[in-house]
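Here's the structure we're looking at; comments come further down.
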Amino acid sequence: MRILITRPQESAASLASQLKKLGHQVMVNPLIDIIPLTLELPPLSSFEAVVTTSQQAIRCLSNLTPLRDFPLWCVGTESEKVARNLGFQTIYTAEGSAQDLIAKLTKTLDSSLGKTVLHASGDVVRVDVVEALRKQGFSAQRIVLYKTTEANAFSSETHHALKTGALDAALFYSPRTGRIFQNLCRSAKLDIHCKTLMAVCLSDSIKTAIQDLPWRKIRVAKKTTTDDLLIALMMAE
């Protein structure tokens, strides 16, 4: 299959390699660029937990500190893999969504200890983890480790591929990239060309973000992992 990946560049690279090994042709057009910030972190050992809801936050943490032994909470197994590959040692993992992560935090941590939970994130978050934890009686604060910029147009290669029907499928990992894709298709008058495309989404919320386009079909992974997304892709072939 001829597949478009819309993830940020660093995350897209490993996925592209995996798809090529499976025999697919791959085009990468990141719809969000990650801009790491240079800043001094607070003493991480003073927090009850450091919470992340994106792989990018984990990568930024690893670049900003040599420490690897503080409690690091990941949103799902994909983020956990990134954390382990970067040498983090004390990792807790939720089931794949920010809501799952909040639920596990509130069940596992003891708010009566009075220690603060630190949410390490980018400048845009879909779920306010800090506010949710505070409502449950926890002390929590957020630190922004990177900024994001959204693509204002497709690459010329992607534009041509969409217009000429040179793609079979597009993969989506977040509602935000889904919305960006949909808006860019409309502004470039490419939405009609989605009739020949299959969209494969990591979650139902992503499907909602793109469902106004006239896709040939939309498939959703059973769980929020790359393995499940690839299963959804293969089963739809």
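The values are calculated or read from the model by the stated rules, or taken from the named source; none is laboratory data. Since the model is a prediction, treat every value here as computed from it, not as a measurement. Note: ideal-geometry Cβ built from the backbone for every residue, glycine included; neighbour counts use all protein chains shown.
Sort out which residues of the range 177-202 are under 17 Å from the mean Cα position of the chain (by Cα) and not in a helix (DSSP H, G or I), and write them in order of number.
Ala199, Val200, Cys201, Leu202
When the residues of the range 179-225 are narrowed to those that are touching a residue at least 60 places away in the same chain (Cβ under 8 Å) and surrounded by fewer than 19 Cβ atoms within 10 Å (Cβ to Cβ), which ends up nearest to Ser155 (Cα to Cα)?
Thr225
Pull up the range 204-237, narrow it to residues that are modelled with pLDDT under 90 and touching a Ser or Thr at 6+ places or on another chain (Cβ under 8 Å), then point me to the one that is nearest to Pro175 (Cα to Cα).
Looking at residues that are modelled with pLDDT under 90 and touching a Ser or Thr at 6+ places or on another chain (Cβ under 8 Å), I get Thr224.
Which of (1) under 14 Å from the mean Cα position of the chain (by Cα); (2) without any contact (Cβ under 8 Å) to a residue 60 or more places away in the chain; (3) surrounded by 15 or more Cβ atoms within 10 Å (Cβ to Cβ) does Asp123 not meet, given it meets every other one?
Asp123 satisfies all of (1) under 14 Å from the mean Cα position of the chain (by Cα); (2) without any contact (Cβ under 8 Å) to a residue 60 or more places away in the chain; (3) surrounded by 15 or more Cβ atoms within 10 Å (Cβ to Cβ) except (3).
Answer yes or no as to whether Phe154 is crowded, with 21+ Cβ neighbours inside 10 Å, part of a loop (DSSP other than H, G, I, E, B) and under 20 Å from the mean Cα position of the chain (by Cα).
yes
For (1) of a type in the set (Val, Ile, Thr); (2) in contact with a strand residue (DSSP E or B) (Cβ under 6 Å, 6 or more places away or on another chain); (3) assigned to a loop (DSSP other than H, G, I, E, B), each residue gets a yes or a no:
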| site | (1), (2), (3) |
| --- | --- |
| Ser14 | no, no, no |
| Leu19 | no, yes, no |
| Val26 | yes, yes, no |
| Pro30 | no, no, yes |
| Glu40 | no, no, yes |
| Ser45 | no, no, no |
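Go through (1) at positive phi; (2) surrounded by 15 or more Cβ atoms within 10 Å (Cβ to Cβ) one by one and return the number of the condition Arg176 breaks.
Checking Arg176 against (1) at positive phi; (2) surrounded by 15 or more Cβ atoms within 10 Å (Cβ to Cβ), the one that fails is (1).
Within the range 8-21, identify whether any single residue is under 20 Å from Gly122 (Cβ atoms), in contact with a Leu (Cβ under 9 Å, 6 or more places away or on another chain) and modelled with pLDDT of 95 or more, and answer yes or no.
No, there is no match, as no residue in the range 8-21 is under 20 Å from Gly122 (Cβ atoms), in contact with a Leu (Cβ under 9 Å, 6 or more places away or on another chain) and modelled with pLDDT of 95 or more.
In the range 1-57, which residues are under 30 Å from Leu105 (Cβ atoms), surrounded by fewer than 18 Cβ atoms within 10 Å (Cβ to Cβ) and small (Gly, Ala, Ser)?
Ser14, Ser45, Ser46
Inspect all residues belonging to the range 135-147 and state whether any of them is surrounded by 14 or more Cβ atoms within 10 Å (Cβ to Cβ), of a type in the set (Ser, Thr, Tyr), modelled with pLDDT of 95 or more and in a helix (DSSP H, G or I).
For the range 135-147, residues surrounded by 14 or more Cβ atoms within 10 Å (Cβ to Cβ), of a type in the set (Ser, Thr, Tyr), modelled with pLDDT of 95 or more and in a helix (DSSP H, G or I): absent.
State yes or no: is Glu150 farther than 21 Å from Ser62 by Cα, in contact with a helix residue (DSSP H, G or I) (Cβ under 6 Å, 6 or more places away or on another chain) and either assigned by TED's automatic domain parsing to the domain that holds Asn29 or in contact (Cβ under 8 Å) with a residue 60 or more places away in the chain (or both)?
yes
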